[in-house]
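Taking it in order: structure first as structure tokens, then the write-up.
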Amino acid sequence: MEPCRAGKRSIRFRDPPSILAAAAIGGKKESEGPLAGYFDYCSTETKFGQETWEKAENKMQELALDAARYKANLRNENIDVLLAGDLLDQCIGSSFPLRGTGLSFLGLYGACSTMAEALLLAAVLVDGGYARIAAAVTSSHFAGAERQYRFPLVYGGQRTPTAQWTVTGAGCMLLGRQEQGPFIETATIGQVVDLGIKDAANMGAAMAPAAYATIRAHLDDLQRTPDDYDVIVTGDLGKLGSELLCELFRRDGVEIAEKHKDCGCLIYDAERQDAHMGGSGCGCSATTLCGYFMKKLQAGKYRNLLFCATGALLSPLSTQQGESIPGICHAVSITSERRQ
């Protein structure tokens, strides 16, 4: 049997799982941005008809899963396992919506890298024959994240120039077996990287080194170059983090700027919407991948895409204690056709 390990950190799937369906749910601010037409559903108000921000996040995950199931003509009982995560304590944004569904659940926390982590593990389960159909779901909510990590909105705190705006949104992908793509072809597991950044309002600087380390490992492990991909997508480095990532590669003599796109830079209009350095949060990369990039793959705009979601592994307590901010990045490559 052909080995599925590639190098030290990467996986080459023997029988690449296919993406059966994907769905993206957005909030009010997201519906006013440049990617509005790529969402399956957008709410006109921030609570999605619920009583609290946290219940709104539960609703977003329900809507994302329901929309993806509808596209794939599946019911809950057809899904063998659901892998999900969010930014709330104990991942209640992911577990609470599953009460009464009967779905087998694996809760994940990779901060804003969770969508890539969920896809990576879902692909492992499907490729290994441990699941016929696996769902990957992640979400975030601006108001819930502000209340947990920074200050309640009523406090009226000022955001620094390097800050990013947590995306209100959720994304879901269903993986399984079918002849047509797109397919999850390879993956690279991230490592915790910490270069000593302590500014919790500068997530881009904290996460860029982790993105560099994972993309570098992916290319080395699989003996590839940036030219093997039509686009290299990072999760939510934002404007500053994206510039740092490109600079780190330039020091290697590698230019990725023309290939690179960042979900945090795409989801909001920098001229019309005040998001400072761009979007962030689990929902940032999830909605942009499951909406915008999925439709581009299906339309043939992209054939080979490297998705690298990044996360800052901090907590309110670690920030208060003066700890630095570790970063992580997981990567999955998606191809519209099986490579030879």
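Looking at this structure, is Ile184 crowded, with 24+ Cβ neighbours inside 10 Å, touching a His at 6+ places or on another chain (Cβ under 6 Å), among the β-branched types (Val, Ile, Thr) and more than 21 Å from Pro326 (Cα to Cα)?
Numbers: crowded, with 24+ Cβ neighbours inside 10 Å: yes; touching a His at 6+ places or on another chain (Cβ under 6 Å): no; among the β-branched types (Val, Ile, Thr): yes; more than 21 Å from Pro326 (Cα to Cα): yes.
Judged against the criteria, Ile184 is not a match.
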Checklist (1) crowded, with 21+ Cβ neighbours inside 10 Å; (2) free of Cβ contacts under 8 Å to residues at least 12 places away in the same chain applied to Glu51, failing item: (1)
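A quick yes/no check of all residues on (1) in contact (Cβ under 8 Å) with a residue 60 or more places away in the chain; (2) in contact with a His (Cβ under 7 Å, 6 or more places away or on another chain):
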residue	(1), (2)
Asp220	yes, no
Ile232	yes, yes
Gly264	yes, no
Ala270	no, no
Phe307	yes, no
Some residue of region 96-116 being closer than 30 Å to Asp274 by Cβ, touching a Pro at 6+ places or on another chain (Cβ under 8 Å) and surrounded by fewer than 24 Cβ atoms within 10 Å (Cβ to Cβ): no
Single residue of region 223-238 satisfying the filter (crowded, with 23+ Cβ neighbours inside 10 Å and aliphatic (A, V, I, L, M)) that is farthest from the chain's Cα centre (by Cα): Ile232
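We did not get these values from a lab; they are worked out from the coordinates using the rules stated. Predicted model, so just to flag it, every value in this text is computed and none were measured. FYI the Cβ positions are ideal-geometry reconstructions off the backbone, even for glycines, and counts take in every protein chain you see.
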